[in-house]
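Structure first, commentary second.
Values in this text are rule-based calculations from the coordinates and carry no lab data. On a predicted model such as this, the values are computed, not experimentally measured, just so you know. Don't worry about glycine lacking a Cβ; one is built from the backbone with ideal geometry, like all the others, and counts go over all protein chains shown.
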Amino acid sequence: MSGAPRVICFDLDDTLVSEADYVESGLRAVGTLLDRELPGPEPGARWLVERWRQTRARDLFQQLLARRGAEEARWLPRLVAAYRAHLPTLAPRPGAVEALGAILARGDRLALVSDGWLDVQRRKWEALALPFPFAPVVFTDERGRGFWKPHPWGFEQVMAAHPDAAGFVYVGDNPAKDFEAPAALGWATVLLAHEQNLYSPSSDAVALPSARNFAELVALTAAPLIPAAARCIRT
Ligand SMILES: [Mg+2]
């Protein structure tokens with residue numbers, strides 16, 4: 001290790017954890033609830049998950065209620081609430097734990113900046129139970145919807161917590177909102193373009209420094225990265 005530590009700051013959804021895993025966890029919770037209160041011909045959890053994998057439909061709850069002859073106006077709000085309130089069953093993406101350990105072992109630090117409804121994000125983070133110090137863990141919704149990315153507030157909290165850092169890197173999956181604020185603050189950025197991500201970056205994101213998996217991410221961030229803003233000026 002050489003020089004002062006850098007802070008490698010992560011996004012949560014579709015970065016450390018697969019958003020598809022969270023969706024399926026929620027669908028299972030909703031299916032189980034409906035089976036208990038309004039049993040049908042097939043297990044609701046399995047039907048919802050299989051249907052989601054096949055179609056990615058946005059109206060799966062409505063479809064399942066129709067199959068069970070249930071009144072949508074009465075049941076849908078309960079299912080949506082159960083989805084948002086469920087305690088997710090989640091695991092870090094393959095390779096994530098090893099990568100985070102390697103980043104710490106070489107002397108760098110970890111942080112998190114994540115958008116999304118506060119209670120949902122807290123439950124996700126607790127379910128992941130990562131065995132490493134992240135400082136700080138910033139859920140932008142702590143300050144409200146107006147402070148979600150690309151607002152710089154979350155990134156400013158990370159900088160304030162590490163006044164001695166040699167540099168900052170943000171790792172995220174969504175170029176449309178993840179990189180604008182950290183780039184403006186002088187950070188480097190890395191696109192984690194995992195094949196399972198729900199969001200597929202458009203082709204104009206190809207020029208971004210990117211990793212397809214956590215092993216590539218560790219290698220890419222081992223060397224100093226050019227701050228994103230400087231890179232934009234150059235091209
Ligand atoms: Mg994300």
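Observations
- Top of T15, T89, T140 by mean-square fluctuation, Gaussian network on the chain, Cα under 10 Å: T89
- With Cα atoms, 0 to 90° folded angle of helix 19-37 axis to the chain main axis: 20
- Helical contribution to [θ] at 222 nm, DSSP H n ≥ 4, -39,500 (n - 2.57), averaged over the chain, rounded to 500: -13000 deg cm²/dmol
- Spherically averaged projected area in nm², based on the convex hull that wraps the Cα atoms of the range 134-186: 3.7
- The chain: Cα Rg divided by the 2.2 N^0.38 Å rule of thumb: 1.13
- Within the listed set V80, V137, V190, the residue fluctuating most in the Gaussian network model of the chain (springs between alpha-carbon atoms under 10 angstrom) is V80.
- C-alpha long axis of helix 96-105 to longest principal axis of the chain, angle in °: 20
- Here the alpha carbons of the range 20-85 define both size measures, Rg and Dmax, at 10.6, 29 Å.
- In the chain, the longest principal axis of the Cα atoms and the axis of helix 44-55 are about 60 degrees apart.
- Assigned charges on the beta-carbon of Lys, Arg, Asp, Glu; the chain dipole about Cα centre (debye): 200
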